[in-house]
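A short write-up of the structure that comes next.
Values quoted throughout were computed directly from the atomic coordinates according to the rules given, and no laboratory measurement underlies them. Keep in mind it's a predicted model, so treat the numbers as computed, not measured.
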Amino acid sequence: MRLKLQLTSLRETTPMEYAKRFLFGGLVTVLASLVAEKWGPIVGGLFLAFPGIFPASISLVEKHKIQREAAESKYGIVAARREASVEAAGASAGAFGLFAFALVVWKAAGNHPLGLVLPLAMSGWLAVACLCWLIREKL
Amino acid sequence: MPDLLLRFVIGGAVVSLFAVVGDLLKPESLGGIFAAAPTIALASLALTMKRHGADYVELEGRSMLVGAIAFVLYASAVSFILMRFRAKAMATSALLLVVWLGTAAGLWAVWLRR
């Protein structure tokens, strides 16, 4: 298996799709802060890990795969759903990383500056997510 | 209101950035980890710290643990259903949000609410 950056995949996303991602991302962030304002940090904190834009992301993966297959005159629905499933499996590895991120914030935010806590938490997210991804690939 | 607007702009930008990185990375399963990046937390924790202080952020971090456990179950369920039944991605991932909500609510009731 080779890791690579595929720049051509950026062209598959239309300006409208980029705009929708921005809009959804902004709305979900605002929603999470409104929940915290209304019900406090214990309920609000749950929504820091809410998969709000995940349905839109995964359906884009499916749509782009169908378009690629159609360009080769293939019927690509089954392949597209398999690819979306693989993307979701990757997201479950990312969610383990999200757990590590939250753990660092919980344990360190009270006695360290956020400028240190956030980079540390991000490193924890990336390390755990990649480790889980690697384990899954080896199985 | 300016605070919410700022959160909207930062949230939109952070989500877009991680989505682009996820699009670029192949294989898809590796790109998929960016679909579960801590985008909402990154977009809002600095503003929350400034407004409410460290104790509040700590509590949010502890609750986020529960949200993350719910996300693991949710993403695994979506992956399984798509692979097993070849269901439509949007419908499956939207309907299965009940898995996230149910898990988060259940763990909140048994752990966080005390």
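Looking at chain A as a GNM with Cα springs under 10 Å, which of A:A127, A:A71, A:A80 has the largest mean-square fluctuation?
Greatest mean-square fluctuation among the candidates belongs to A:A71.
Once each part is reduced to its C-alpha centroid, what is the distance from segment B:1-34 to segment A:45-107 in angstrom?
12
Which pairs, out of A:K20/A:K63; A:K65/B:K88; A:K138/B:K88, put more than 20 Å between their alpha-carbon atoms?
Pairs exceeding the cut-off: A:K138/B:K88.
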